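Reading through the structure tokens given below for one structure.
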Amino acid sequence: MNVDAVVVGGGIAGLVTALRLAEKGARPLVLEKGREDRYPCNTRVAGGAFHVAHRDVADDPQVIHDAIVRRTGDSARPDIIETLARDIGPATQWLRSKGVRFMKVGHEPYRQHTLAPPIATHGVRYWEGRGGDVLLRTLLAELERCGGQLMRATHAERLTLVNGTCVGLRATRDGQPLEIATRAVVLCDGGFQSSQELLREFITPAPERLMQRNARAGLGDGLRMAREAGAKLLGMDRFYGHVLAQEAMHVETLSPFPMLDLTCSAGIVVDASGRRFMDESLGGVTMANTMAAQADPLGAVAIFDEPIWNGPGREYLIPANPTLINSGGKLFSAASLRELAALAGLPADMIEATVARYNEAVDSGRLGELVPPRNGGGHRAWPIRTAPFHAVRLCVGITYTMGGIAIDTDARVLNRDDKPIMGLYAAGCATGGVEGGGTRPEVAYIGGLTRSTVFALRAADHIMRARTTVAA
């Protein structure tokens, strides 16, 4: 085959790239390894909030820029941040012009633009006919109307490079080899969150003990191909995810909701020895990363009391209380901490001592003197002293990996010398260098849908400029 551009992956980044190319007169081909009509990908099952660092996409670009910097510190490239902050408003309007609908679903800034209709608050197929599912079907219909093509059941395997320039790729379709020649390849197949091999290399010593809170399609194929071609990788050790009940490992109705983030942040999280091992105030994404780095990611237990369960436990759109119990999760409850420890399989003396030290620090305002300190984030510490006392065994729900292929502001893939690999682009969660936060203790979540859209459009625009230059 010979086409103008090959896009690997049929999520938001891939379909936005292809549609932009097609509307400008190119002949793009999207390769999607899924076979079914509603092929699995993270966009399809996403919550649908369109935000940047929890700021509304319609905010002033400087407000968005400053929010990203507060989250990431100096770990993200300034030119990438500036581009994202400046372009997200127009990018959102471009999606609207293609028929994508947004709606307001809450008072918080990050919910002012949510994909419509919003996801359901219950059910295993909470996403079907909603949010990201509707977005993908809308973009695909527009792509086909403009002459673009999506080829299902096609697995991209290796890039073709000639004198350092990407000129195509090799794939298999239904087991048959396929050679495709092209002027540009765009890698848009998402992160590596479902690859046991890559997770073990970069994220956790025990990837099989993480809950796949995602579409289970992100195997890092694009990242692997780019690495083989000499691409630079950035921020590979962090991911976006949440804290779930441990029963989610085998009870389908407990993932992706309810999240236990707010309950854990109000109380404490201990390991099998009964000791705290993280700063709970940093929030769910950071807690999930900290748990994943342990020798046993399934060894964490949340400890809290009745006011927490009926306070933070009832917050959020899909609250832990009562969703956890109604969906098949296990809440241990007891009249004393000693009884609770016995139920949860924890050492009673240590649990009593840990909670006593924690309560003293809360009362005295000396949370920073705890070991480990609790003072880095914005979540309030609640005392744990009112029966009944509660415990939940926890697991890590991994949604997508934050690290990936290094790109410039035109989404060109950079090699290890920070030079573009000609003809090779990447967009979406296959890329790195924005989220994560580097060495900062708090893991910086920025938003996957928005950065996917911005750099997909920029990849397509650069491909068309390069095409025009060659033609001239």
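The values are calculated or read from the model by the stated rules, or taken from the named source; none is laboratory data. Because the structure is a prediction, the values reported are computed rather than measured. Neighbour counts run over all protein chains shown; Cβ positions are idealised from the backbone, glycine included. To get the accessible areas, we keep the full protein, side chains included, count just its heavy atoms, and leave off ligands, DNA and RNA. Shrake-Rupley method; radii C 1.70, N 1.55, O 1.52, S 1.80 Å.
For the stretch 74-146, the gyration tensor built on C-alpha atoms gives an oblate shape. Its axis ratio a/c (a ≥ b ≥ c) is at least 1.5, and a/b is not larger than b/c. Between Arg173 and Ala387, the simple label model (points 7 Å from Cα in the Cβ direction) yields a spacing of 6.9 nm. Rounded to the nearest 20, the Cβ-based charge dipole of the stretch 17-102 about its Cα centre (Lys and Arg +1, Asp and Glu -1) stands at 440 debye.
Near Ala341, once Lys and Arg are set to +1 and Asp and Glu to -1 for all other residues with Cβ below 12 Å from its Cβ, the sum equals -2. Taking amide H positions as modeled 1.01 Å from N, with prolines and chain starts lacking one, the residues under 5 Å from Ile407 and 5 or more places away or on another chain are Leu414, Gly432.
Only Lys, Arg, Asp and Glu carry charge here, each on its Cβ (+1 for the first two, -1 for the last two); on that basis the stretch 71-220 has a dipole of about 460 debye about its Cα centre. Other residues lying with their Cβ under 10 Å from the Cβ of Phe192 contribute a combined charge of -3, Lys and Arg counting +1, Asp and Glu -1. Distance distribution note for the stretch 252-326: the fraction of Cα pairs above 14 angstrom is 60%.
Here the contact order of the stretch 1-42, divided by its residue count and restricted to Cα pairs under 8 Å and six or more residues apart, works out to 46 percent. With both labels modelled 7 Å from their Cα along Cα-to-Cβ, the Lys24 to Leu343 distance reads 6.0 nm. Under a 5 Å amide H cut-off, with hydrogens placed 1.01 Å from N, Thr160 pairs with Val167, Gly168, Leu169, Arg170 among residues at least 5 apart or on other chains. Ignoring ligands, DNA and RNA, what percent of the 1.4 Å accessible area of the chain is carbon and sulfur? So the carbon and sulfur contribution to the accessible surface is 50 percent.
Stretching Met350 away from Ala181 to a fully extended chain increases their span by 54.5 nm, per 0.36 nm per residue minus the current alpha-carbon distance. The 3J(HN,Hα) values that the Karplus relation (6.51, -1.76, 1.60; θ = phi - 60°) gives for the stretch 394-404 are, in residue order, 10, 9, 8, x, 8, 9, 8, 7, 8, x, x Hz. Gly and Pro appear as x. Applying 0.36 nm per residue to the separation of Arg465 and Lys330 and subtracting their alpha-carbon distance, the gain on full extension is 42.9 nm.
Which residue, chosen from Leu169, Gly222, Ala266, occupies the Cα position most advanced towards the positive end of the dipole of the stretch 152-298, where the dipole is computed from +1 (Lys, Arg) and -1 (Asp, Glu) charges on Cβ about the Cα centre? Positive-most Cα among the choices belongs to Leu169. FRET efficiency for the pair Asn359 and Glu315, taken as 1/(1 + (r/R0)^6) with r the Cβ-Cβ distance and R0 = 22 Å, rounds to 0.50. Treating r as the C-beta distance of Val63 and Arg125 and R0 as 35 Å, the FRET efficiency rounds to 0.45. Note on Arg416 and Arg101: the model spin-label points, each 7 Å out from Cα along the C-beta direction, lie 5.1 nm apart. With protein chains left intact and a 1.4 Å probe, residues in the chain average 39 Å² of accessible area per residue. Straight-line cross-link reach from Lys98 at under 23 Å between alpha-carbon atoms covers these lysines, not counting any fewer than eight positions away in the same chain: Lys24. Ordering Thr354, Thr386, Gly397 by the projection of their Cα atoms onto the charge dipole of the chain, which places +1 on the Cβ of Lys and Arg and -1 on the Cβ of Asp and Glu, puts Gly397 at the extreme positive end. Taken one residue at a time, the phi angles of the stretch 303-320 give Karplus couplings (6.51, -1.76, 1.60, θ = phi - 60°) of 10, 7, 10, 5, x, 5, 4, 9, x, x, x, 9, 8, 5, 4, 10, x, 4 Hz. Gly and Pro are set to x. Using the Cβ-Cβ distance between Arg70 and Glu369 with R0 = 41 Å, the FRET efficiency computed as 1/(1 + (r/R0)^6) comes to roughly 0.95. The antiparallel fraction among DSSP beta bridges confined to the chain stands at about 70%.
Going by average Cβ density within 10 Å per residue, which order do the peptides 331-340, 406-415, 36-45 take, highest to lowest?
My ranking of the peptides, most packed first, is 406-415, 36-45, 331-340.
For the stretch 315-406, the relative contact order is 33 percent, taking Cα pairs closer than 8 Å that sit 6 or more residues apart in sequence and dividing their mean separation by the residue count. Partner lysines whose Cα lies under 28 Å from the Cα of Lys330, excluding those fewer than 8 positions away in the same chain, are not found. A cut-off under 10 angstrom between Cβ atoms defines the neighbours of His51, and their net charge, with Lys, Arg +1 and Asp, Glu -1, is -1.
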